[in-house]
Each structure stands twice: as structure tokens, then as C-alpha cells.
Amino acid sequence: MKSTESPERSLTEDDITKLVQLFYARVRRDPTLSPVFIGKIGETDSSWAVHSKHIEDFWSSVLLKTKRFTGNPMLKHIALPGITPHHFKLWLEIFELTADETLIDAHAHEVKAMAHRIAQSLQMGLAFHHERSGQSPHPFTDYSVISRPR
């Protein structure tokens with residue numbers, strides 16, 4: 001349920017945990033996204049819990065500047081076979097819905113804006129990777145950064 005707290009309240013670790021937990025509960029039920037995640041994470045509750053905690057660390061680092069996250073999101077996404085812009089679109093839809101339901105408006109707006117920037121950056125990186133690997137055409141043509149005509 002959406003919080004009615006004052007917008008002056010700072011975003012907290014608890015907010016991030018609630019967002020990530022509900023988001024991944026929804027992803028696990030999504031017929032398009034779930035197979036992508038299961039292919040890398042696995043199907044057990046414990047494997048999803050480990051992944052969720054890692055992503056909580058990511059969002060904590062991004063939003064609260066905690067520097068807890070370790071890893072390379074671009075390399076993780078490059079390693080996902082068959083990922084397309086449609087996957088990012090669905091991911092963003094579920095993420096936005098979850099942010100709107102779990103965070104106060106000001107925090108939801110901030111988190112959704114950051115999610116869009118991250119999704120765009122990842123897609124641009126995937127376009128660059130496909131082009132550098134000689135994979136053309138590829139599903140990220142709209143995000144091409146090296147072969148786009150001037």
C-alpha cells in the first residue's frame with residue numbers, strides 16, 4: 001500500500017527492500033521476464049533471495065550512495081541470451097508500478113527516473129556490444145551509438 005508520509009522524509013533502506021521484494025515477486029510471475037531471470041538465478045526461493053539482496057545493495061548504492069554494491073551490471077546483461085528492448089519495457093512497467101505502490105510520490109518519481117536512465121544506458125551498452133561483435137542487425141538498433149549516421 002502506498003505510503004502517506006511526508007515527502008520531506010528521506011528514502012530509506014527499508015523503502016528499497018520493500019520495492020525490490022515486491023518487484024521480484026512480480027517478476028517471478030511474469031511469463032516473459034521470469035524465464036530470463038530463472039535462466040541465470042535459478043528457481044529456488046533461496047537463489048531469488050540472494051539475487052534480491054544483491055539488487056537491494058545496487059539500489060542502495062545508486063540512491064543512498066552506500067557503495068555496498070559490487071559487480072558489473074553491463075557484463076551481466078551482455079551475458080543474457082535473447083534479451084531485447086521488449087524485456088526492458090516490461091521490466092520498467094513492473095518496476096514503475098511497484099515504485100508507485102510502495103514509495104511516496106517524490107521517492108517514486110526519483111527511483112523511476114533513475115531506472116529509466118539505467119535501462120537506457122544498459123540498452124546503449126548492449127547495442128555497442130552487438131555492433132562491436134559484428135552482430136548486425138540486432139534488437140538494440142534504436143540505441144546504437146557507434147554506427148548511427150551523423
Open item on the list: Only one of G82, G125 is exposed (fewer than 15 other Cβ atoms within 10 Å of the Cβ) and either part of a loop (DSSP other than H, G, I, E, B) or not charged (D, E, K, R) (or both). Can you tell me which?
Closed with: G82
- [ ] Could you please find all residues in the range 51-72 being part of a helix (DSSP H, G or I) and either aromatic (F, W, Y) or out of contact with any Gly (no Cβ under 9 Å at 6 or more places or on another chain) (or both)?
- [x] S52, K53, I55, E56, F58, W59, S60, S61, V62, L63, L64
Task: Every residue from the range 58-78 that is loosely packed, with under 12 Cβ neighbours inside 10 Å, more than 15 Å from the chain's Cα centre (by Cα) and not charged (D, E, K, R) - done: T70
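Residues checked against (1) more than 23 Å from A108 (Cβ to Cβ); (2) small (G, A, S):
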| residue | (1), (2) |
| --- | --- |
| S10 | no, yes |
| V20 | no, no |
| D30 | no, no |
| P35 | yes, no |
| K40 | yes, no |
| H54 | no, no |
| A79 | yes, yes |
Open item on the list: Can you pull out every residue in the range 29-50 that is surrounded by fewer than 16 Cβ atoms within 10 Å (Cβ to Cβ), of a type in the set (V, I, T) and assigned to a helix (DSSP H, G or I)?
Closed with: I38, V50
- [ ] Take E131 and decide whether it is under 21 Å from R28 (Cβ atoms) and of a type outside the set (G, A, S).
- [x] no
Open item on the list: I'm trying to understand the selection: among the residues of the range 95-111, which are buried (at least 18 other Cβ atoms within 10 Å of the Cβ) and part of a helix (DSSP H, G or I)?
Closed with: F95, T98, A99, T102, H107, A108, V111
Task: Answer residue from the range 1-17, given it is aliphatic (A, V, I, L, M) and modelled with pLDDT of 85 or more and is farthest from S60 (Cα to Cα) among those - done: L11
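The values are calculated or read from the model by the stated rules, or taken from the named source; none is laboratory data. As the structure is a prediction and not an experimental result, all values here were calculated from the model. Quick reminder, even Gly has a Cβ in these numbers, built from the backbone with ideal geometry, and neighbours come from all protein chains shown.
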